[in-house]
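Can you read through this structure? Questions will come right after.
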Amino acid sequence: ADTAQFALLLLLGLSALFFLVSTIYILSLSAHDVLTNLPWKGQLFRIATPMLISSSLFLVISWSDTLMLGYFLPEERVGLYRIVFKVATLITFAQFALNTVVAPMVSAIHKDHSKLHDLAHKVAQLNLITSGPIFIVILLFGTSLIGFFGVSNPAQAYPWLIVLAFGQLTNAFSGPVLNILNMTGYEKSARNTMLVVAVLNIALNALLIPSFGPLGAAYSTTLTMVGWNIWAATLVYKYHGVIAVPFLTKYSRKND
């Protein structure tokens, strides 16, 4: 538990340091440019700060279940839960790489709703192709996957894995909704979404873990993950008329 807490604090500190160094570097590149006036600097910080907060809150959500499990349960159970959590995240492994490419594309074309629809449709298809089969593999061979890490009784952790995998599948199917908000001028909406979800996640963990242990933590994480994706997807549709869910993107185009 102490190691996990240290890792979380280290990640938060590195994120803040990276934000600070990146900002200073960007400003230094244009030290003799007209864009370095104070209004522009203020605008940069107003845009970047909500994104930093959103990223930090994502780390809080990713670790709060593990940290709170460490308070209630022995280290062995916490370690097993963390293994299961990492196996479930294989579903969205490709999505994280895809988001790195998609984010600047969204920023470049967000004023052209037709192109934004096309991009959302393609991303939805890729997410379906990459995440769907992995979810099926986890569903069918989840116990074996857990046992691969030397767990003596992997069957006990299989229900946790299925619950977490469902949350990751929802995350993949929702598309890059937070990226769309961040890259189209609605970074404060993304920040507010993550803030509410982080508080809800901690509350659910505190409520469910004492009674249900790791299964309660899995439900807390999945419920908050589903909640933020539904709400962020609703905001994306409200602001841009885009639905990034597979099979529904064409519908959003017709109603643009």
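Could you work out how much longer the chain between Ala108 and Phe93 gets when fully extended? Use 0.36 nm per residue separation minus the Cα distance between them, nm to one decimal.
Between Ala108 and Phe93, full extension yields 2.9 nm more.
Once the dipole of segment 57-254 is set up with Lys and Arg at +1 and Asp and Glu at -1 on Cβ about the Cα centre, which of Val177, Phe58, Trp160 lies farthest towards its positive end?
Checking the options against the dipole of segment 57-254, the answer is Val177.
What FRET efficiency, computed as 1/(1 + (r/R0)^6) with R0 = 25 Å and r the Cβ-Cβ distance, is obtained for Glu76 and Ser211, rounded to the nearest 0.05?
Rounded to the nearest 0.05, the efficiency is 0.80.
Largest first and in whole Å, what are the equivalent-ellipsoid semi-axes of segment 73-210 based on the Cα gyration tensor, each being the root of 5 times an eigenvalue?
Gyration-tensor ellipsoid for segment 73-210: 33, 20, 10 Å.
For Phe149 and Val196, what is the calculated FRET efficiency with R₀ set at 45 Å and r taken between the beta-carbons, to the nearest 0.05?
So the FRET efficiency works out to roughly 0.85.
Computed from the coordinates by the stated procedures, all read-outs in this text should not be read as laboratory data. Fair warning: this is a prediction, and the values are worked out from it, not measured in the lab. With ideal geometry, Cβ positions are generated from the backbone for all residues, glycine too; neighbour counts draw on all protein chains shown.
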